[in-house]
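What follows is one structure encoded as structure tokens, with my remarks underneath.
The values are calculated or read from the model by the stated rules, or taken from the named source; none is laboratory data. All figures in this text were calculated on a predicted structure; none of them were measured in a lab. Cβ placement follows ideal geometry from the backbone for every residue including glycine, while neighbour counts extend to all protein chains displayed.
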Amino acid sequence: MIKFCWVLGLTLSLLTDRSLIGQEQNFDLGEAALLDLRDRKTFDDDEFDQLGLRMGDRFLYDAQTIGFDKDGKRYIFQGDVVLIGGASIITADTIEIDYSKKELQARGHVIMLSRNQVFTGTKITMYWETSDFIIDDSVMVVNDGARAKQVIEQVLGVSPEESDFVAAKAQYLTSIESDKLELRQRVIETIQDEDDLSQEIVDDYALLLERQILAQANMNPSLAKKGEKKRRSYLKRRKYWEESRENEEGRELPQKYYLKITGRTIERKNDNDYFADDAIVTPCKCEDDETPAWGFRADHIEAQEEGYVDLYHPVLTIKGVPLLYIPFLKVPFKTQRQSGFLMPGFQTGDQKNGFVYTQPVYFNLGDDKDSTVTFDLYQKRGTRLGVEARYEIKEYSGFELNMETIRDRAWLQQTALREELLSYHRQNLSDIDNIENIANYGNACDTSTPDGIDTCLELVEDNLAAPSNTWRGKQEWNGRLFLSPELSLVSRGSLVSDHRYVEDLYLPEDYVAAFSTRAQANAFSTAKARLNYNHSDFFLGLGTSYGDNVLLENQFKGFQIPAHFKLNTRLFSINPQQYLGIPIYVDLEAESFLIDDNQGSLTNQDRDLETLGNGTWQRANLGLISPIVREGIVRVDHFSDLELRRITHEGLEQDSSTIESWRSGLTVNLPIDGMGPLPSIFQNDDEQTKYLHHIMNWSMTYSARPVVTRRGLYGSEDTNGTPLVYFASDRDFLTTDGRDVSSEDTMIPHQRVTLATTHRWKTFDRGWQVIPGKIPEVEENKEKIESLHEQAKRELLFSLDRRIGKDERIFKENDDGSIDWYINRYKLQDSNSIEPVNFSASMTFDFEQERLRQDQIQENKDLEQQASVASDELAEELRAQKVPYYSLPESWSGPYFSLGLNWAGYNLTTSVNYNIYKRTSTSTRFDLSLPPFWKTSLGLSYIFEKSPELEPTTGDLLFKQTKTTTMGISTGLIPYISTGINLVQRQVEGNDSQYGTSVNLSYTDDSGCWGLRFVREKDLNVDEANANYILQLSVIFLGNSRSGDLSPALEREIPRFTFTR
């Protein structure tokens, strides 16, 4: 709302000539006048009240001439007229005020700034009582900060030279204050009392005071060049503009909502209703004489702030070219959520999908819930329907649900092709008389025997099995519901119709994982729900879990968890400290899993595998923790736990099995901090001292699980030597590579000692920082100052540390709560802290594994001794029973090293995992990131891995090397364009080198209403001809950005056995 305060004043009444009543008078004013209507003698109090103006309302006008009629009812301002009031500005060639009609008319090059809106036109008629107005040949711009600044600077006479001068002046005054503070600091450090203050320091300080006064009084050269009247006019405009802005609190739209309306006329009514005829509305920033990038041309437009924009007969235009006619269009023009069509999305270039058009429709169902329905039209697949629903029940409580489905034409074609190929190969393999056809399969399987042909047929059926689903889609949800402060229901999950769905209908968006290798996505989706009771003394949970894993073209493998129960108490003390002198804390944990083996969807080959079947897995654990030594430089903690696991399994001959075990150990920590100043060669000349802080910790952990009692068949090995367990922690032997659980949690006897150390080196500057007291503004002191030297001496002496008199104030508390201190204060300040080096290392020795190793070595010796005296045939059998050296149990694990270097923005991280038995590092990794330069970031990564393999004939250890190199670069050096490039190369020994590339170019137009994005992406396991390309258009309207819906794709490397016809 624009409120102009028209206050005519004393200046006019003094100029009025009674002999000229009845004629219009003109006066050359030459400079701005501040008029107050209460002083105008030609209006009495009744006439003033009839004007409808508020008491104290004022405006500033500036014009070359002013004219008024004999009744003083109508005034005409002419010649570069400026009106300022109510945080608004109007400029025009002529402005006429008619008090009888309470009307203002501005003509000729009209510009009006009101709140965050700028209006331009040839004529404006305003009724100040209602703030209604109408503008001819008008342009309305909302939330264009640059345009508003331009208008303000033009009216206030602010030139670019003046802006540079103001910035330089502020910088100069800041440097003077810094020099003054430095002199006061020198006085604090070198002078004890008033007699030691030298005249030289006083002279230097007085010179700084003189420079400060001159700089503050120095007038802007560009403003000084103007005439006296013009300069006074600009200064008065600036002063009144600041006062006007402080006194007016106008409503403003959020700055992100840029909008421009051009029309034959723009009219405002009721302070908030806008009407435009023959108009163009666009969110694109452009000059008044420039055609916008895109917009809507309409016969009539009606708009409301925090309401809607109604367009009658709109036509979508791109660079002025009409493309689409719509009879009526209604879009929200508000910050609150509003139901309606969101901006559509377009993408093209994807070989699998073709052109894609996305149209979301938003439904605001209330303050706490909403929904979005999305239609995706795929050129090569069909129409996908998606629904997203959100519901916020209360703070930290609510849910999100996403569902989508499609009847995919391409999927149905592939299914039909699979069925046709399967039928074709079945017929060929079933016709045993056709030897030539069967022989064609000899390169893939054994077809020389009937059993081999059956095996080959099973392989064909597994690989060409046609999917059963004709509809595709996915469901995702995430939610938390608090039923009470302690009781909550949590659920999250993702289900897909088939795992190729994500690969087919989505493209990746996070391309530049520039500083690491590209992560392999999990071809696994889970759905979980849990009811939690979180008490101050214990935790109780009841949950369920459903998962699926991909196996070739089939959907499920593994087991499900229909129900999961968990009880976990908090640590509580069971031993009063006065008896043993040390506290003992205990926690109890109980878990129960109901397991569904879910073998119904496996391939024919896997259905014959031995499994555990359905069952239950239960666990109870009692844990004890006791801090033995808590004071001193060494910390010692004792831990123990007693665990029982009971498993039922329908797939084995026995129904149930048990595992019982206990564990105990000690952890000794020796944290040591060392800190001291660096040698003088590293010190600077300033008052700060550079320190080196070495933070280290040495730890030793002894853990023993002396007994593991197993009863039942659970954990026995199948025909392939794989232990039959539900969870990997139930295994009865350690795996040397690829452990999926912590070795401490495995139910395997051990006596293990782990040595570990961590070191961090930090450097920082330390010094005393003086916080000088404020020099009080005391009137009696001001009267005594007769020169700059006396002022300089007073301020310098006030900086000294001095004895505080009993009547002297130390500080003063201001009205806003801040405090002004009148004494110096000192603070020990650390700054410029960096951590240039960090290092960690660990190594573990297991006495139990060493015993097993020595036993096996002795057994090998016995076998060799028996073979030496046996026949050749028997000797060969005996030696075949020997365990090769590199397959013996390993008692030493590690060492593992990690080193990080950081300096001046350069970061290098390296890690090494060494195996002392194989005498080589099994994994080495280097990551390097460089400091940004020229708006560019660069990252490098190198990973070297060795996978040990035994040569079956000689028993020699061979290492299969894998080298992965990654380079990523992202830059914004080119204006309006952001570029990201990621290159990955992987070389597996014995295989061809694989490489992956991703290029991402994003362009955002300076109009702020549209952008383009080009992506080319090729994964490691994808041929160059099958690389993905995408060209995406993004549009922005009223702060709502919309583009193609992209999600990370699923990346798999699964060996396939395929046939072609």
Among the residues in the range 364-381, are any surrounded by 15 or more Cβ atoms within 10 Å (Cβ to Cβ) and closer than 22 Å to Val142 by Cβ? no
Here is a check on your reading of the model: is Ser592 among the hydroxyl-bearing types (Ser, Thr, Tyr), at pLDDT 75 or above, assigned to a strand (DSSP E or B) and closer than 30 Å to Thr722 by Cα? yes
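Is the range 366-377 home to any residue that is closer than 30 Å to Glu395 by Cβ and in contact with a Leu (Cβ under 7 Å, 6 or more places away or on another chain)?
Looking through the range 366-377, at least one residue is closer than 30 Å to Glu395 by Cβ and in contact with a Leu (Cβ under 7 Å, 6 or more places away or on another chain).
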Is there any pair linking a residue in the range 961-973 that is surrounded by fewer than 19 Cβ atoms within 10 Å (Cβ to Cβ) to one that is of a type in the set (Phe, Trp, Tyr), with Cβ under 8 Å and at least six apart or on different chains, and which? Gln961/Phe944; Thr962/Phe944; Lys963/Tyr942; Lys963/Phe944; Thr965/Tyr942; Thr971/Trp934; Leu973/Trp934
Cβ-Cβ below 8 Å, separation at least six or inter-chain, first residue in the range 105-118 and on the phi > 0 side of the Ramachandran plot, second buried (at least 21 other Cβ atoms within 10 Å of the Cβ) and at pLDDT 90 or above: which pairs? Gly108/Ala92; His109/Thr91; His109/Ala92
Conditions (1) at pLDDT 85 or above; (2) within 42 Å of the chain's Cα centre (by Cα); (3) surrounded by 13 or more Cβ atoms within 10 Å (Cβ to Cβ): number failed by Thr174: (3)
Condition first: part of a helix (DSSP H, G or I) and either surrounded by 15 or more Cβ atoms within 10 Å (Cβ to Cβ) or among the β-branched types (Val, Ile, Thr) (or both). Now tell me which residues in the range 857-884 satisfy that. Ile857, Asn860, Leu863, Ala867, Val869, Ala875, Leu878, Arg879
Looking at this structure, is Lys256 under 25 Å from Phe59 (Cβ atoms), basic (Lys, Arg) and at pLDDT below 85? no
Of the conditions (1) farther than 26 Å from Asn697 by Cβ; (2) in contact with a strand residue (DSSP E or B) (Cβ under 9 Å, 6 or more places away or on another chain); (3) surrounded by 15 or more Cβ atoms within 10 Å (Cβ to Cβ); (4) not β-branched (Val, Ile, Thr), Asn913 fails just one. Which one is it? (1)
Restricting the range 328-374 to residues that are part of a strand (DSSP E or B) and β-branched (Val, Ile, Thr), which is nearest to Tyr308 (Cα to Cα)? Val331
Cβ contacts < 8 Å: first residue at positive phi, restricted to the range 882-900; second residue crowded, with 17+ Cβ neighbours inside 10 Å and aliphatic (A, V, I, L, M), any location; separation 6+ or different chain. Result? Gly894/Met843
Tell me which residues, restricted to the range 127-149, are among the charged types (D, E, K, R) and in contact (Cβ under 8 Å) with a residue 40 or more places away in the chain. Glu129, Asp132, Asp136, Asp137, Asp144
Pull up the range 547-569, narrow it to residues that are modelled with pLDDT of 75 or more and surrounded by fewer than 18 Cβ atoms within 10 Å (Cβ to Cβ), then point me to the one that is farthest from Leu624 (Cα to Cα). Pro562
One residue from Asp132, Asp195 being surrounded by fewer than 16 Cβ atoms within 10 Å (Cβ to Cβ) and over 24 Å from Trp768 (Cβ atoms): Asp195
Suppose we filter the range 830-857 for residues that are within 23 Å of Tyr906 (Cβ to Cβ) and free of Cβ contacts under 8 Å to residues at least 12 places away in the same chain; how many remain? 0
From (1) within 45 Å of the chain's Cα centre (by Cα); (2) assigned to a helix (DSSP H, G or I), pick out the condition that doesn't hold for Val158. (2)
Does Lys149 qualify as being at pLDDT 85 or above, surrounded by fewer than 19 Cβ atoms within 10 Å (Cβ to Cβ), over 40 Å from the mean Cα position of the chain (by Cα) and in the same structural domain as Lys239 (by TED's automatic domain parsing)? no
Go over the candidates Lys180, Lys149, Lys169 one by one and state the one that is out of contact with any Asp or Glu (no Cβ under 6 Å at 6 or more places or on another chain), part of a helix (DSSP H, G or I) and within 26 Å of Val110 (Cβ to Cβ). Lys149
Of the listed residues (Ala410, Ala416), the one being within 27 Å of Ser468 (Cβ to Cβ), touching a Phe, Trp or Tyr at 6+ places or on another chain (Cβ under 9 Å) and among the small types (Gly, Ala, Ser) is Ala410
Determine which member of the set Leu622, Leu652 is closer than 25 Å to Glu717 by Cβ and either modelled with pLDDT of 85 or more or surrounded by 15 or more Cβ atoms within 10 Å (Cβ to Cβ) (or both). Leu652
Among the residues of the range 152-171, which ones are at pLDDT below 85 and small (Gly, Ala, Ser)? Gly157, Ser159, Ser163, Ala167
